[in-house]
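**Student:** First the structure, then my questions, so here it is.
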Amino acid sequence: MTETLDIKITKTNHSRLNETDFNNLPFGKTFSDHMLMADYADGEWKNFEILPYGPIELSPAISSLHYGQAFFEGIKAYKHADGKVTIFRPDKNAVRFNKSAERLCMPELPEEMFIQSIAALVDIDRDWIPGKANHALYIRPFMFATDPYLGVAPSSTYKYMVLIGPTGPYFSKALRVKIETHYTRAAEGGMGYAKAAGNYGSSMLPARKATEEGFDQLIWTDAKEHAFIEEMGAANAMFLLDGTLITAEAKDTILDGVTRDTVIALAKDWGIPVEERMVSVAEIIEGAKNGKLTDAFGAGTAATIAPVGSISYKGEEYFLNDPEKREFSNLVFKTLNAIKYGTEEDTHGWNYIV
Ligand SMILES: *Cc1c(COP(=O)(O)O)cnc(C)c1O
């Protein structure tokens, strides 16, 4: 038996629920009434607390601000028609949370503490979960170093926090993406596989340049040759080429996505061949030209399944087939939603019931 986590709960006396416009939920801007916080000190996690969402006081010398000892996770919770609330595969995020922690010399958080703390917060703010199609509650767990010390050394104290908020669809149309051949997201031996804050800071300039050129997203390539496709923005890049689902294998430059893993499992259920391997830019461009590339999309918790409309490479734009007519990604999207919203049986045991 696992012990129940001891959490101090202070509820708000002014809920913002009725002031929130659930018809206008841009990603990451709306937060629920409460948040969760815990401290790591003297070698252990303590002071688990759920309190009203709001600012917290910190020393300006905390090492996470100076040296980036900080990372996060992204998870979603769903409301079923019968009112049941489920969280999608939080056990996978718990494992990845600790992989990120290890890479950044930060303390691990026992998986049970991770899952129970999130479930407790979601439970308290369950009225914040939108009941609408394609809407969910986004869950943002994160950890950061709190020693007020300017030496470049691992902190001895940390905070673990969880914020949650309702969210709608992330992208509304097929994406115009560009294959990045100058900037790099991750290199071998680096921390691309960790959801480290610094990985996202370094992606902003290349992303902004791409936006200025009229693109919606970047496709990241390998650091050495820019010849192999790694990821798409903050989502895993997946392709159906000549009937086979292909995606970069999970290695140290790739964020091992839960959505990626889920799509692979569904493809295997359906008898579709899957290859996790190096994906060359050349074969994808060739497939776009000869029509063998019948599907291309980004897979991630925030973006869900985001279809690619066109791929640009070295100034040339290659248009893909009509996203609405794509069999595979549309079936993945439909099936995933059916499992998440409880209209189809969850045979893999992916839904954690709150
Ligand atoms: C979060 C993230 C993903 C997607 O992972 P999921 O677990 O499916 O949400 C993919 N790539 C990067 C770089 C990410 O940060």
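The values are calculated or read from the model by the stated rules, or taken from the named source; none is laboratory data. Computed from a predicted model, the values in this text were never measured in an experiment. Positions of Cβ are backbone-derived with ideal geometry, glycine not excepted, and every protein chain shown enters the neighbour counts.
**Student:** Checking the condition under 30 Å from residue 17 (Cβ atoms), in contact with a Ser or Thr (Cβ under 9 Å, 6 or more places away or on another chain), away from the ligand (no atom under 16 Å from the Cβ) and not assigned by TED's automatic domain parsing to the domain that holds residue 249, which residue from 160, 138, 149 passes?
**Tutor:** Only one candidate qualifies: 160.
**Student:** Kindly indicate whether residue 87 is in contact with a strand residue (DSSP E or B) (Cβ under 9 Å, 6 or more places away or on another chain), surrounded by fewer than 17 Cβ atoms within 10 Å (Cβ to Cβ) and of a type in the set (Val, Ile, Thr).
**Tutor:** no
**Student:** Here's something else I'd like to know. Please find, within region 58-77, the residue that is surrounded by the fewest Cβ atoms within 10 Å (Cβ to Cβ) out of those that are within 24 Å of the chain's Cα centre (by Cα), in a loop (DSSP other than H, G, I, E, B) and away from the ligand (no atom under 14 Å from the Cβ).
**Tutor:** Here the answer is 68.
**Student:** Out of all the residues in region 269-283, is one or more of a type in the set (A, V, I, L, M, F, W, C), closer than 24 Å to residue 136 by Cβ, touching a residue at least 40 places away in the same chain (Cβ under 8 Å) and within 16 Å of the ligand (Cβ to nearest atom)?
**Tutor:** no
**Student:** Can you find even one residue in region 258-269 that is surrounded by fewer than 19 Cβ atoms within 10 Å (Cβ to Cβ) and under 30 Å from residue 315 (Cβ atoms)?
**Tutor:** The answer is no; no qualifying residue exists.
**Student:** Hey, can you tell me all the residues within region 224-241 that are among the hydrophobic types (A, V, I, L, M, F, W, C), touching a Gly at 6+ places or on another chain (Cβ under 8 Å) and within 16 Å of the ligand (Cβ to nearest atom)?
**Tutor:** 232, 234, 235, 237, 238, 239
**Student:** Please give the number of the condition residue 244 fails out of (1) of a type in the set (S, T, N, Q); (2) farther than 14 Å from residue 335 by Cβ; (3) within 11 Å of the ligand (Cβ to nearest atom).
**Tutor:** For residue 244, the failing item is (3).
**Student:** Filter region 209-223 for residues that are closer than 15 Å to residue 308 by Cα and part of a strand (DSSP E or B); which is nearest to the ligand (Cβ to nearest atom)?
**Tutor:** This residue is 220.
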